[in-house]
Amino acid sequence: MVIRRTIDALLTVIIVFSICAGLCGVWLLSASPVSTAAEGYIGAVMLVTMIGILLLGRKLHFQGPFIAPLRIVSIFLAIFLTARYLVWRVEFTIGGFGVISLIAGLTLFAAELYSAGFALLGYFVNVNPRRRTPVPLPTDESLLPTVDIVVPSYNEPAKLLEVTLLGALNINYPTGKFQVHLLDDGGTDDRCNKPKIAEQSRARRQTLHQLCLKLGVAYHTRAHNDHAKAGNINAALDALSGSLMVILDADHVPTKDFLRKTVGFFLQDEKCFLVQTPHSFINPDPIEKNLDTFHDSPPETELFHNVIQTGLDGWNASFFCGSAAVMRRSMLLEVGGIQGDTITEDAETAMILHAKGYHSVFLNESLSIGLQPETVMSFIAQRVRWAQGALQLLHFKNPLTLPGLKFTQRIAYLASFSYWFFPFSRIITILAPSMFLLFGIMVYNATTEQYAIYGVPYFLSTMIFSDFIFGKIRWPLISDVYEMVQTPLAAPALAATILRPGKLTFKVTPKGEQLDRDFIAPTAWVQYLLLMIVLVSLIAGGWRWLDHPGERPQLVFTMMWEMINFMIVAAAVGVTLERKQRREEFRIFPSHPLPAVLHSGQDIRVPVRITDLSTGGASLAVSDSDGGAFNFAAHEKLTLWLESAHEKGRVIYVPARVKSHISGKIGVQFMYQNTRQKAEIVDLIYGDSAQLESRLEQRRKRISFGSAYLYIAKKSAIGLVQNIQFALIQGVLSVWPGVHTLFAVSARSLWTLAFTNRSDR
């Protein structure tokens, strides 16, 4: 352990010194005056070198001893091209066309400077990623630490909580060494005594208390709802007795080996206060659902949870993410429990404990699976809360000035928190080309040749490095779409946070929502407005090309820029069409169908294969030779026999009834008779971390830059067309009652007029 720490310390010193020296060197070189042709050759050579490094990395499958040096060389090349681009921007491309042009140009440059600065911080974070493997546990179980598994809850339904609690109870750890606790913040004394919600809160308390009694789980509530989730956990700390504490969100179901793979780090390092694992999800987020990207592209959340956290871990700066984590309770008590000065209590707590000199671990193995927000508004609300909390931390507990943090930790935390300024940069980069195309305001004074020499190498270098580091789990433009969806509501919320950082309250993200119809999200009008601006700008750009030939050198790259903006905003518009979602229990699709036997009341046994599965039921495939021609009647009671996930060779029996039977496909609904049966199904769905990783791996793959752009172009086009079609249909339906009334009144008037005229005659 001492040798490992010494090596880590030496490596940190070498890397930090190399980055500082290299950054100064490339800045001096980039500022040196050379000919335009030479600049072009320099950029081309460096780009070719970076492409060669990327291709070599792919050939090595980004594994082995040569990857670290290749990563560092790629970072230095990217830093050089970034520095060269920024120097060129300052010297040659801003101003010269009046005050308005100068202000607009400086605003755009500020946005670019933020993006470049954040990229440099990202290079720092990712220069020394740490890949952990679980620490083996001692064979003597008496040496294992005791663990409390806490599940904080506020407004989640009992049905959802039951699955999480069963998953926690299924964990493979010695009996008597762990206890599961439900922390009910929706049934507090305060809520049970408030007139408007008293009856509902008392019913919730009674329901969850009975659930805990049935499962053998400890039930906790408190008098007041102070400090939201942080306060809920802290109120239970004194009632806990374990040396370690696992925190699971109400919808995060752990795998069976969760403790077996995490507890060892605390035995290995007495200063370890946290082991954080990635957050993985069983359902699509609203962007994946509404753009139909859930099954053919990598999960958006994996960029942070699988790449950035490993980079932060290299600097002992990986932090608590609120769930799927293990913490040492004594160290938590030392700082007064979970921190509550900001609404991102997780990162705040980790930073305070890092400042105390304690260590964190990020184990990059998916050991839990949860639920993502179902609607666009819930998704944005969740991300805005994260962003506001990050800004609060920068204001109240700035990592650059917080006593106790190491220099590398300060930079790492700054990189994590500064990301959330993106809405301001995003708005500027969306509107900047329109300033020139619509009004002729020169926000970027450069010709096509100049941009090809300076801008293109910088732009491509960031893409190449991104592909090198995380191309398997994040494709070009995906981040842009996610940021664009959040920007219209996030920008004003963050501006308000900057002005009044203390006036914020924690809001629970809704989970397991049901959408009984398609509808347009309330935020759609802003996206439509931005889309119209971009579209009109493209039309105006075509007119300028014909009417102002002298502007063509600027129009070439400005129009290309605006076309990319159009794809991004069109995709954001497509996301605002919320898709119908009635299923509360999401299904998994096993990598290989699970064998089982269906036993009917007529003593007929039919071999089947489970093709998808949820806690509520399953889809079964059966061939004609195995009994597919047998006609199971609707609502017929059956029993599904399958092998236990706990013990090889032991068969479990789950009562079910037929929901559908069509051409060899049988849909069944489970009719549990006891908790043990449901626990077995929960274990089958959530318990195997290898199956979870296999399902996630199916979505991870690398594609070319061109394929990534075509992918987004296709998804944005389909989403935009469907959104417009739905809006037009809804518009006609909403107008139709008025048209129908007008037609009826007009018909009656004409009839009366005709009848009156006939009488007069």
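The values are calculated or read from the model by the stated rules, or taken from the named source; none is laboratory data. Because the structure is predicted, anything quoted here is derived from the model rather than measured. Please note: Cβ atoms are built from the backbone with ideal geometry, for glycine as well, and neighbour counts cover all protein chains shown. Quick note on the areas: whole protein, heavy atoms, side chains included, nothing else; ligands and nucleic acids left out. Shrake-Rupley method; radii C 1.70, N 1.55, O 1.52, S 1.80 Å.
Work out the length of the dipole vector of the chain about its Cα centre, built from +1 on the beta-carbon of each Lys and Arg and -1 on the beta-carbon of each Asp and Glu, and round it to the nearest 20 debye.
Here the size comes out at about 460 debye.
Report the full-extension gain for the segment SER479 to THR675: residue separation times 0.36 nm, less the Cα-Cα distance, to one decimal in nm. Kindly include the intermediate steps, with their values, before the conclusion.
Values: separation 196, 0.36 × 196 = 70.56 nm, distance 4.23 nm.
Value of the extension gain: 66.3 nm.
Less than 14 Å Cβ to Cβ from ILE681, Lys/Arg counted +1 and Asp/Glu -1: what total charge do the surrounding residues give?
Once all neighbours under 14 Å are counted, the net charge is -2.
When only DSSP loop residues count, what trypsin sites (Lys or Arg not before Pro) in the range 324-368 have their Cβ near at most 11 other Cβ atoms within 10 Å?
Numbers: sites: ARG328, ARG329, LYS356; in loops: LYS356.
Those that pass, being in a loop and sparsely packed, number zero.
At 222 nm, what value in deg cm²/dmol follows for the chain if DSSP H runs of at least 4 each add -39500 (n - 2.57) and the sum is divided by all its residues, to the nearest 500?
-17500 deg cm²/dmol
For ARG605 and ILE498, what is the calculated FRET efficiency with R₀ set at 41 Å and r taken between the beta-carbons, to the nearest 0.05?
0.05
Among PHE470, ILE282, GLY404, whose Cα sits farthest toward the positive end of the charge dipole of the chain (+1 at Cβ of Lys/Arg, -1 at Cβ of Asp/Glu, about the Cα centre)?
The listed residue farthest towards the positive side: ILE282.
Which pairs in the list LYS289/LYS472; LYS580/LYS715; LYS229/LYS289 are over 24 Å apart, alpha-carbon to alpha-carbon?
Correct reply: LYS229/LYS289.
Once R0 is set to 51 Å, what does the formula 1/(1 + (r/R0)^6) return for the Cβ-Cβ distance between TRP525 and VAL73, expressed as a FRET efficiency to the nearest 0.05?
0.60
Taking 0.36 nm per residue of sequence separation and subtracting the Cα-Cα distance, how much length would be gained by fully extending the chain between PHE726 and ASN398, in nm to one decimal?
Details: separation 328, 0.36 × 328 = 118.08 nm, distance 4.65 nm.
Full extension from PHE726 to ASN398 adds 113.4 nm.
What residues qualify as long-range amide H neighbours of SER623, i.e. H under 5 Å apart, gap of 5 or more or another chain, H built at 1.01 Å from N?
HN-HN under 5 Å from SER623: GLY628.
Specify which residue in the list ASN565, LEU538, PRO553 is farthest towards the positive end of the charge dipole of the range 533-583, using unit charges on the beta carbon of Lys, Arg (+1) and Asp, Glu (-1), about the Cα centre.
ASN565
What lysines sit close enough to LYS261 to cross-link, taking a C-alpha to C-alpha distance under 17 Å and skipping anything fewer than 8 places away on the same chain?
Cross-link targets: LYS177.
Note down the magnitude of the dipole of the range 46-205 about its Cα centre, charges +1 on Lys and Arg C-beta and -1 on Asp and Glu C-beta and zero elsewhere, to the nearest 20 debye.
480
Counting heavy atoms of the protein chains only and a 1.4 Å probe, report the per residue accessible area for the range 366-507 as a whole number of Å². Provide the component values of the computation, followed by the final result.
Details: 4970 Å² over 142 residues.
For the range 366-507, the solvent-accessible area averages 35 Å² per residue.
Tell me, what is the 1.4 Å probe accessible area of HIS209, in Å² to the nearest 10?
The accessible area comes out at roughly 80 Å².
Could you work out how far apart the two model spin labels at SER241 and ASP341 are, taking each label as a point 7 Å from the Cα in the direction of the beta carbon, and quote it in nm?
Output for this residue pair reads 3.5 nm.
Which FRET efficiency, nearest 0.05, do GLU199 and VAL87 yield, Cβ-Cβ r, R0 56 Å?
Efficiency for this residue pair is about 0.25.
Using a 7 Å offset from the Cα along the Cα-to-Cβ direction at both PHE97 and ASP140, what is the distance between the two label points in nm, to one decimal?
Roughly 7.7 nm, to one decimal.
On a full-extension model of 0.36 nm per residue, what is the gain between ALA37 and SER591, subtracting their alpha-carbon distance, rounded to one decimal in nm?
Going from the current span to full extension adds 194.0 nm.
Taking amide H positions as placed 1.01 Å from N in the peptide plane, with prolines and chain starts having none, which residues 5 or more places from GLY617, or on another chain, fall under 5 Å of its amide H?
Here PHE670 satisfy the definition.
Give the percent of DSSP beta bridges with both residues in the chain that are antiparallel, rounded to the nearest 5.
Antiparallel bridges make up about 70 percent of those DSSP assigns within the chain.
Could you point to the residue in GLN382, ILE352, GLN372 farthest towards the positive end of the range 322-469's charge dipole, with +1 and -1 charges on the Cβ of Lys/Arg and Asp/Glu respectively?
The one lying farthest along the dipole's positive direction is ILE352.
Using a 1.4 Å probe, how large is the accessible area of MET560, given in Å² and rounded to the nearest 10?
For MET560, the solvent-accessible surface is approximately 120 Å².
Modelling each spin label as a point 7 Å along the Cα-to-Cβ direction, I'd like the HIS548/ASN631 distance in nm, to one decimal.
7.5
With a 1.4 Å probe and all protein chains in place, put HIS354, HIS359 in order of accessible area, largest first.
Per-residue accessible area, sorted high to low, gives HIS359, HIS354.
Which value, in Å² rounded to 10, gives the accessible area of ARG609 with a 1.4 Å probe and all protein chains present?
Accessible area of ARG609: about 90 Å².
Would you mind checking which residues have amide H under 5 Å from SER368's amide H? H placed 1.01 Å from N; only 5 or more apart, or other chain.
Close amide H contacts, sequence-distant or interchain: THR255, SER280.
Is the range 71-111 best put as rounded, prolate or oblate by its Cα gyration tensor, with a ≥ b ≥ c the root eigenvalues, rounded for a/c under 1.5, and otherwise prolate when a/b is larger than b/c, oblate when not?
Prolate, because a/c is 1.5 or more and a/b exceeds b/c.
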